[in-house]
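Encoded as structure tokens, the structure appears first; notes follow it.
Every read-out reported here was derived from the displayed coordinates using simple, explicitly stated rules and does not represent laboratory data. Remember, predicted model here, so these are calculated numbers, not experimental data. Quick reminder, even Gly has a Cβ in these numbers, built from the backbone with ideal geometry, and neighbours come from all protein chains shown.
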Amino acid sequence: MQPLKERFTPRSYPDHIEEKIQQFNTQGYLLPPCHVLRTPEQIEGIRESGRINTLLLDYLSEHIREGISTAEIDRLAYEFTLSHGAIPAPLHYEGFPASICTSINEVVCHGIPSEQEILREGDIMNVDVSTLYNGYYSDASRMFLIGDVAPEVKKLVRVAKECLQIGIEAAQPWAQLGDIGAAIQAHAEKHHYGVVRDLCGHGVGLKFHEAPDVEHFGTPHTGLLIVPGMTFTIEPMINLGTWEVYTDAADGWTVRTDDDLPSAQWEHTLLITEKGNEILTY
Ligand code: MF3
Ligand code: CO
């Protein structure tokens, strides 16, 4: 163990924030590794990727309705992405067999689109899309309500969206990752919902999933320092009942709530700026 002041830090943070970073370093804050800070050129690349990703979600929203299969939505996503000169990042990612994730009702995330799965009145569905364009990754998801949805489930979807918004507000330069998680957890638990702990947000941009992990629960004033130039997702998964989940052994992907009660999730890719943040998937 070294005294704090002598802790080794590579001196290759951008010049304009180097001094500020070293101040936090001497105070004992956990610093992000230099490699998670983006150059202006990289930021523009991720922004372009995010633009296509958002166009894709807008496009899919025009087709999502009762009676369509999730496989059909997946095909639309594949065609749209390729026609924009991009690649669906999930396709073949660690063996994932489709271009998007479609997660209905008690499925928390990583649902695999299927011909057999037809949207029915009362369903809620998360569609999670990630785009690789010109070497840069972006990642976002939204919820869709099919016809008339039970009021308590509608409320879950609304509060999950508020959790994302509250998390984004907490994602300020020179705050800490624990501030994001704590803000999300407080809002969800106020409504007696469960916050999923086994899956988290993540750095994104040069890779699909990279450092740091961004948890959706936590303690204020703890965790990694948030620094301008970071790009990461916030993607809280909020459960009507227990926070506990399991992965379906049959496909190795589909994550479900332990109690089979519904789950809702919204996701954006964020850039931390010197003044606040920018949503790259709006
Ligand atoms: N898009 C998901 C996320 O938000 C990850 C999906 S991994 C996949 O991080 F392989 F299922 F696509
Ligand atoms: Co993500």
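The simple spin-label model puts a point 7 Å past each Cα toward its Cβ; for Glu18 and Glu121 those points are separated by 6.6 nm. Under Stokes-Einstein, with the Kirkwood radius over Cα pairs as Rh, the value for region 67-121 at 25 °C and 0.890 mPa s is 211 µm²/s. Between Asp213 and Arg75, what FRET efficiency comes out of the Förster formula 1/(1 + (r/R0)^6) with R0 = 22 Å and r the beta carbon distance, rounded to 0.05? Computed FRET efficiency for Arg75 and Asp213 comes out at 0.10. Placing unit charges on each Cβ (+1 for Lys and Arg, -1 for Asp and Glu) gives the chain a dipole about its Cα centre, and among Asn239, Thr222, Ala150 the Cα reaching farthest toward its positive end belongs to Thr222. When the Cα positions of Leu271, Tyr93, Ile124 are compared along the charge dipole of the chain, Leu271 comes out farthest toward the positive end, with charges on each C-beta of Lys, Arg, Asp and Glu.
Under conditions of 10 °C and 1.306 mPa s, the chain yields 82 µm² s⁻¹ as its translational diffusion coefficient, taking Rh as the Kirkwood radius over Cα pairs in the Stokes-Einstein equation. A helix-only calculation puts the chain at -9500 deg cm²/dmol for mean residue ellipticity at 222 nm, using -39500 (n - 2.57) for each DSSP H run of at least four residues, averaged over all residues. Centre-to-centre, using Cα atoms only, region 122-162 and region 17-47 are separated by 30 Å.
Please give the net charge around Gln172, taking every other residue with its beta carbon less than 11 angstrom from that of Gln172, where Lys and Arg add +1 and Asp and Glu add -1. Don't jump to the answer; show the numbers that get you there.
Numbers: positive: Lys275; negative: Glu169, Asp179, Glu274.
Net of charged neighbours comes to -2.
The convex hull of the Cα atoms of region 104-183, projected and averaged over all directions, covers 7.5 nm². Over region 242-282, what portion of Cα pair distances is larger than 13 Å, expressed as a whole percent? Roughly 66 percent, rounded to a whole number. Expressed per residue, the C-alpha convex hull volume of region 50-167 stands at 105 Å³. Volume per residue for region 15-79 equals 151 cubic angstrom (convex hull of Cα atoms). Kindly provide log₁₀ I(q)/I(0) values, in the same order as q = 0.22 Å⁻¹, from the Debye equation applied to equal alpha-carbon scatterers of region 1-117. Treating every Cα as an identical point scatterer, log10 I(q)/I(0) equals -1.21. Loop exposure criterion: GluC sites (Glu not before Pro), DSSP state outside H, G, I, E and B, at most 16 other Cβ atoms within 10 Å. Applied to the chain, the longest stretch between such sites is 122-243. About the centre of its Cα atoms, the chain shows a dipole size close to 860 debye [charges on the beta carbon of Lys, Arg (+1) and Asp, Glu (-1) only; nearest 20 debye].
According to the square roots a ≥ b ≥ c of the eigenvalues of the Cα gyration tensor, what is the shape class of region 132-171, taking rounded for a/c under 1.5, prolate for a/b larger than b/c otherwise, and oblate for the remainder? Oblate, since a/c reaches 1.5 and b/c is not below a/b.
So which trypsin sites (Lys or Arg not before Pro) in region 146-226 are both in a DSSP loop and have at most 13 other Cβ atoms within 10 Å of their Cβ?
Values: sites: Lys154, Lys155, Arg158, Lys161, Lys190, Arg197, Lys207; in loops: Arg197, Lys207.
Loop-located and lightly packed - Lys207.
Restricting the calculation to Cα atoms, every distinct pair contributes to the Kirkwood radius of region 96-237, found to be 16.1 Å.
Pairs of Cα atoms in region 156-282 fall into 5 Å distance bins, from 0 up to the last occupied one, in shares of 2, 12, 22, 24, 19, 13, 7, 2, 0, 0 percent. Spin-label model, Glu94 to Thr26: label points 7 Å out along the Cα-to-beta-carbon direction sit 4.1 nm apart.
Compared with the direct C-alpha span, the chain from Thr273 to Glu152 gains 39.9 nm at full extension, assuming 0.36 nm per residue.
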